[in-house]
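Chemist: I'd like to ask you about the structure that follows.
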Amino acid sequence: MKKKIIVTGGLGFIGSNLINLLLKNNYNIINLDKISYSSNFYNTKEFKKNKKYKFIRCDLNNKKKLQKIFNFFKPSAIFNLAAETHVDRSIDGPENFIKSNILGVYNLLEVFKKYSKKYSYAKLIHISTDEVYGDILSGRADENFPYKPSSPYAASKASSDHLVYSYVRTYKIPAIITNCSNNYGPKQHPEKLIPKLIYNIIKNKKLPIYGKGLNSREWIYVEDHCQALIKILQKGKVGNFYNIGSNINKTNIQITKSLITIAKKNIKIGKNVKIKFVKDRPGHDVRYALNSKKTINELKWKPKINLIKGLNLTFKWYLSNLQYYSSLKMKEATKRIGLKK
């Protein structure tokens, strides 16, 4: 029997996809989630009765509960995906991002520091974002690229990365930091671009795009990201940073047009499905781009799902899981936020 793994934030998008893959690889999983607006039990319904899976409600800022869970289950690894992740929400209210992404990680590190002294085989994988590097107007950012975050969200993630690395250097904790490009795929909250566009297409609504739609993002299918995380658990070097990306950049307008084309092959498009340019997000980065050669070369990993195939899979998942949307407060997801007040 394989050892136990804790996944924090496992009711969210990437966390639930990672748990699904870990279970298929015969790991025993303890899912810790504080249950916030972006947590969704719909994401775990297909494996909630699996004997190798257990859910526990826990906020990373609850240090005593976290210690009890670690000492009781004795995990061999922790994937930390618990985070506030939406840039627009961080513009509206940065405080929750500071509490979750900085103070929460600090508490996790304090608990893990003590735990890893007793159980030296344990490993912490801290999952971060390409947004910590800020605008990459040309070229691609490798793991030695300086951090220059633009939003309160990106700054809070950058802070958490620095905290984790400082604990590696100072306290010798066995931890690894990963920075991934924009994920897309099944189970993503519709506050994010792709699931919001899919929802609006299905519901015959206008498609809101920031500015002129020229902001460029590197897109990776969520399962490819999760496969990389498992490789990093198995073969990654403690104290290292690993970039995880697809090397495929597309503008928001290109993504939108691709989704409309895919939708036309699956449903009849309504008359209201038109691109509507809206006021840009404050401090909106023009381009994110990662150099993932280190992860590809050292760990023998590479993304398998190309963008059009991934977008097709994603559209068909939402179309087959319309209940997912009804499990959320859609007004909250579709309402415009992220404007300076």
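Any read-out appearing in this document is the output of simple, stated calculations on the displayed coordinates, not a laboratory observation. Bear in mind the structure is a predicted one, so any value in this text is a computation, not a measurement. Every residue, glycine among them, receives a Cβ derived from its backbone with ideal geometry; neighbour counts consider all protein chains shown.
Chemist: From the cross-link list K45/K294; K192/K231; K45/K113; K63/K302; K34/K250; K192/K264, which pairs have alpha carbons spaced over 31 Å apart?
Modeler: K45/K294; K45/K113; K63/K302; K34/K250
Chemist: What ranking, highest mean first, results for peptides 283-290, 17-24 when packing means the other Cβ atoms within 10 Å averaged over each residue? Before the final figure, lay out each step's value.
Modeler: Values: 283-290: 19.2, 17-24: 21.4.
Descending mean neighbour count gives 17-24, 283-290.
Chemist: Taking loop as defined by DSSP and a crowding limit of 13 other beta carbons within 10 Å, which chymotrypsin sites (Phe, Trp or Tyr not before Pro) in segment 61-103 fit?
Modeler: Sites meeting the loop and neighbour criteria: none at all.
Chemist: Considering only the chain, what is the antiparallel percent among its DSSP beta bridges, to the nearest 5?
Modeler: Working: 3 of 40 bridges.
Of the beta bridges lying entirely in the chain, close to 10 percent run antiparallel.
Chemist: State the antiparallel share, in %, of DSSP beta bridges confined to segment 199-307, rounding to the nearest 5. The partial results should precede the final answer.
Modeler: Values: 3 of 8 bridges.
So the antiparallel bridges in segment 199-307 amount to around 40 percent.
Chemist: Of K24/K51; K117/K157; K3/K64, which ones are farther than 20 Å apart at the Cα?
Modeler: Where the Cα-Cα span goes over 20 Å, the pairs concerned are K117/K157; K3/K64.
Chemist: Scan segment 73-151 for GluC sites (Glu not before Pro) in coil per DSSP, keeping those whose Cβ has at most 11 other Cβ atoms within 10 Å, and list them by number.
Modeler: Taking segment 73-151 and a limit of 11 other Cβ atoms within 10 Å, no loop GluC sites (Glu not before Pro) are found.
Chemist: Could I ask something else about it? Would you compute, from DSSP H runs of 4+ residues alone, the mean residue ellipticity of the chain at 222 nm, taking -39500 (n - 2.57) per run and dividing by the full residue count, rounded to the nearest 500?
Modeler: Per the formula, -12000 deg cm²/dmol.
Chemist: Which of the lysines could a cross-linker bridge to K268, judged by Cα under 21 Å and excluding same-chain residues fewer than eight apart?
Modeler: Correct list for K268: K196, K203, K205, K206, K257, K276, K309, K316.
Chemist: Gaussian network model of the chain, Cα springs within a sub-10 Å range: biggest mean-square fluctuation belongs to which of T44, T170, T256?
Modeler: Looking only at T44, T170, T256, the largest GNM fluctuation is found for T170.
Chemist: With an 8 Å Cα cut-off and a minimum separation of 6 or more residues, compute the relative contact order for the chain in percent.
Modeler: With pairs under 8 Å counted, the relative contact order is 19 percent.
Chemist: Right, something else. When ranked by the protection proxy of mean other Cβ atoms within 10 Å per residue, highest first, what sequence do the peptides 235-246, 258-269 form?
Modeler: 235-246, 258-269
Chemist: Any chance you could check the Cα centroid distance between segment 207-275 and segment 22-77 for me, in angstrom?
Modeler: Each part's Cα centre sits 27 Å from the other's.
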